[in-house]
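Here is the structure we will look at.
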Amino acid sequence: MTDVTYTRLGSDAAAALMDQLCEVYTDAYGEVSGEDSNVKTGAFRDRATGALSARNYELVTATAGDDLVGFVFGYSLRQERDWFAGLQPAPEPGFTDERGGERTVVLAEIEVRKAWQGRGTGRGLHDTFLGGRREERATLSANPAAAATHALYEGWGWQRIGTKPGRPGAYYREYAVFMRPLSLAGRR
């Protein structure tokens, strides 16, 4: 088995890799009956391109030799992003306060090519990304019906805190929302 190398990159390098990121994304999901993969990949490209300008954006790639086999990206949550809008159950007062915009990191995407799934590549991406962040906590949202994915996240230390409605044009009507604290060791 080829060793996997994890590399941290900023938004300029990520922009240059956008076509490759889209290829990994498409491969990770494979063909779904009744679904137009071009629409889903186009929506991913729009999200991924929009994220490039987010505060403290970071991409971590997983490569095996010269092949990009997975990636994760995220950014610091800003108060005006209103990430937790409509969260149910309603959070306690102060939960959504970003205190200067660097309290929470959003793990926006984590994708691994089908052939590399189940080999620890996703966990390596996850741990590399979160291990270098300085925020207090992390959040992500997921398909609310993806029980296997939820179990994976919970095994990695995430806790489901509720659901929130999808924004206009979002892929799902609602999303499961997860949180986890980040260790002090990961803070810069």
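The values are calculated or read from the model by the stated rules, or taken from the named source; none is laboratory data. This structure is a prediction, so every number in the text was calculated from the model and none was measured. Glycine gets a Cβ as well: all are built from the backbone with ideal geometry, and neighbour counts include every protein chain shown.
Every residue, every condition in (1) over 22 Å from S183 (Cβ atoms); (2) of a type in the set (D, E); (3) touching a helix residue (DSSP H, G or I) at 6+ places or on another chain (Cβ under 9 Å); (4) free of Cβ contacts under 8 Å to residues at least 40 places away in the same chain, yes or no:
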{"site": "A16", "(1), (2), (3), (4)": "yes, no, no, yes"}
{"site": "Y25", "(1), (2), (3), (4)": "yes, no, yes, no"}
{"site": "V39", "(1), (2), (3), (4)": "yes, no, no, yes"}
{"site": "D46", "(1), (2), (3), (4)": "yes, yes, no, yes"}
{"site": "L59", "(1), (2), (3), (4)": "no, no, yes, no"}
{"site": "G74", "(1), (2), (3), (4)": "no, no, yes, no"}
{"site": "L87", "(1), (2), (3), (4)": "yes, no, no, no"}
{"site": "P93", "(1), (2), (3), (4)": "yes, no, no, yes"}
{"site": "E111", "(1), (2), (3), (4)": "yes, yes, yes, no"}
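Here segment 63-83 is the region considered, the condition is being assigned to a loop (DSSP other than H, G, I, E, B) and in contact with a Gly (Cβ under 9 Å, 6 or more places away or on another chain), and the residue that is modelled with the lowest pLDDT is R78. Taking the criterion of being buried (at least 16 other Cβ atoms within 10 Å of the Cβ) and under 14 Å from T104 (Cβ atoms), the residues of segment 59-82 that qualify are G74, Y75, S76, L77, R78, R81. Once segment 83-105 is narrowed to residues that are surrounded by fewer than 16 Cβ atoms within 10 Å (Cβ to Cβ) and farther than 16 Å from E136 by Cα, the residue that is nearest to the chain's Cα centre (by Cα) is A85.
Look at segment 126-140: where a residue is under 24 Å from D97 (Cβ atoms) and a partner is of a type in the set (S, T, Y) and crowded, with 20+ Cβ neighbours inside 10 Å, sitting 6+ places away or on another chain with Cβ atoms under 6 Å, you get E135/T104; R137/T104; T139/T104. Checked against the criterion of being buried (at least 18 other Cβ atoms within 10 Å of the Cβ), out of contact with any Leu (no Cβ under 9 Å at 6 or more places or on another chain) and closer than 30 Å to Y29 by Cα, the candidates G120, G124 yield just one match: G124.
As a summary of the residue check, V177 satisfies the conditions (1) touching a residue at least 24 places away in the same chain (Cβ under 8 Å); (2) within 15 Å of Q88 (Cα to Cα); (3) in contact with a helix residue (DSSP H, G or I) (Cβ under 9 Å, 6 or more places away or on another chain); (4) in a strand (DSSP E or B) except for the one numbered (3).
Table: residues versus (1) surrounded by fewer than 16 Cβ atoms within 10 Å (Cβ to Cβ); (2) modelled with pLDDT under 95; (3) in a helix (DSSP H, G or I); (4) touching a His at 6+ places or on another chain (Cβ under 7 Å).
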{"residue": "Q20", "(1), (2), (3), (4)": "yes, no, yes, no"}
{"residue": "T26", "(1), (2), (3), (4)": "no, yes, yes, no"}
{"residue": "S33", "(1), (2), (3), (4)": "yes, yes, no, no"}
{"residue": "K40", "(1), (2), (3), (4)": "yes, yes, yes, no"}
{"residue": "D46", "(1), (2), (3), (4)": "yes, yes, yes, no"}
{"residue": "G50", "(1), (2), (3), (4)": "yes, yes, yes, no"}
